[in-house]
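J.: Have a look at this one.
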C-alpha cells in the first residue's frame, strides 16, 4: 500500500471493538481479547465532558481509530468544513491511527437525515464524489477509508455495481476501503448477487480495515442492526476475505442491546479463530502456487 496510507503499518493489528459507554469501566479495569478500539466520531467531536475524557484514557492504552457517520461524501451540498475542522482536531488530539466514514449521503445543507442513504452508481456521481473525497483528504492532510454501506433499495439510474463504483472511486481519489463484511452479506441477500464477486472487484491494496456485525432477518430482507452474535454466514465471509486479502484489522460492531464484556470476548475468540484458519488456508494456497511455478 505504501507508507503514505496511515493504516498500512497496522495490517496485523488483529481484533478490535467499538468503544461503547457500557464498557468504559471494563476497559479501565483491564480487558482481554481486543487489541484496538474504534470510536464513533460524532459521539466525541463536540463534547468536553466524560465521553472525551474516557476516549482520551482509552487512547493512552490502545490504538484508536475514528469512524464517522456524518461526512455525507455523496451529498450534492457543499462540504461542511466546520465538521471537518472538528474532525481534524479530534483526530490529532487523540492521535487516531486513521479516519473512516461511509459511501453515502446523509442529508441536505443545514439538515442531517441521520441515515446512510444510497447513491446512484454512475459516472456523473463518481466524478462528483471523487472530487469531494480529494478535497476532504487534502483538508485532513491524510487519506481516509470509505465503508460500503448497507442498503435497502437500488437506484434505477445506476450503470455500475456498488463494488465497481467503490473500487474506481478509491483509485481515482487515492483513498482506502473499510470493507464491511456484514454489509456485503446484507446487500447480497437484499438485492441478489454473489459476495465473492463483490470481493473480486475490490482492489486488495486499498483495503485497510474490516467490519463484522450481526443483522436482523425479516424474511423478505435483512436489516443491518449491529446486533450479535455475528451469524455464521458472515463469519464464513470474513474468513474468505482474510484468505483473499491477507491479515486485516477486524472490528466487531455490536450496538443493539450491547452485551456485557464477557460476551464480547466470546465474539473476539470467534473472530480470532477465523483469522487463524484464514492464515493457514492462505499459506497452503501460496505454497501450492510456489510448487506449480
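J.: Kindly evaluate residue 62 against the criterion of being touching a strand residue (DSSP E or B) at 6+ places or on another chain (Cβ under 8 Å), closer than 16 Å to residue 261 by Cβ and in contact (Cβ under 8 Å) with a residue 12 or more places away in the chain.
T.: The answer is yes for residue 62.
J.: Only residues in segment 270-293 that are touching a residue at least 60 places away in the same chain (Cβ under 8 Å) count as the first member; pair them with residues that are part of a helix (DSSP H, G or I) and surrounded by 12 or more Cβ atoms within 10 Å (Cβ to Cβ), Cβ under 6 angstrom, at least 6 apart or cross-chain, and list the lot.
T.: Short answer, once both residue conditions are applied: 275/242.
J.: Looking at segment 21-47, which of its residues are touching a residue at least 24 places away in the same chain (Cβ under 8 Å), over 16 Å from the mean Cα position of the chain (by Cα) and within 15 Å of residue 67 (Cβ to Cβ)?
T.: Answer for segment 21-47, where residues must be touching a residue at least 24 places away in the same chain (Cβ under 8 Å), over 16 Å from the mean Cα position of the chain (by Cα) and within 15 Å of residue 67 (Cβ to Cβ): 44, 45.
J.: Given the conditions (1) over 19 Å from residue 221 (Cβ atoms); (2) outside any helix (DSSP H, G or I), report the number of the one that residue 154 does not fulfil.
T.: (1)
J.: Go over the candidates 166, 238, 210 one by one and state the one that is buried (at least 17 other Cβ atoms within 10 Å of the Cβ), in contact with a strand residue (DSSP E or B) (Cβ under 7 Å, 6 or more places away or on another chain) and not in a helix (DSSP H, G or I).
T.: 210
J.: What number of residues within segment 89-118 are in contact with a strand residue (DSSP E or B) (Cβ under 9 Å, 6 or more places away or on another chain) and modelled with pLDDT of 95 or more?
T.: In the first step, residues of segment 89-118 are kept if they are in contact with a strand residue (DSSP E or B) (Cβ under 9 Å, 6 or more places away or on another chain); the result is 90-91, 94-107, 112-118.
Next, from what is left, pick out any that are modelled with pLDDT of 95 or more: 90-91, 94-104.
Residues in segment 89-118 being in contact with a strand residue (DSSP E or B) (Cβ under 9 Å, 6 or more places away or on another chain) and modelled with pLDDT of 95 or more: 13 in total.
J.: Which of the residues belonging to segment 1-13 are surrounded by fewer than 18 Cβ atoms within 10 Å (Cβ to Cβ), part of a loop (DSSP other than H, G, I, E, B) and in contact (Cβ under 8 Å) with a residue 60 or more places away in the chain?
T.: 1, 4, 11, 12
The values are calculated or read from the model by the stated rules, or taken from the named source; none is laboratory data. Bear in mind that the values here come from a model prediction, so they are computed numbers and not experimental data. No Cβ is skipped: glycine too gets one built from the backbone with ideal geometry, and neighbour counts run over all protein chains shown.
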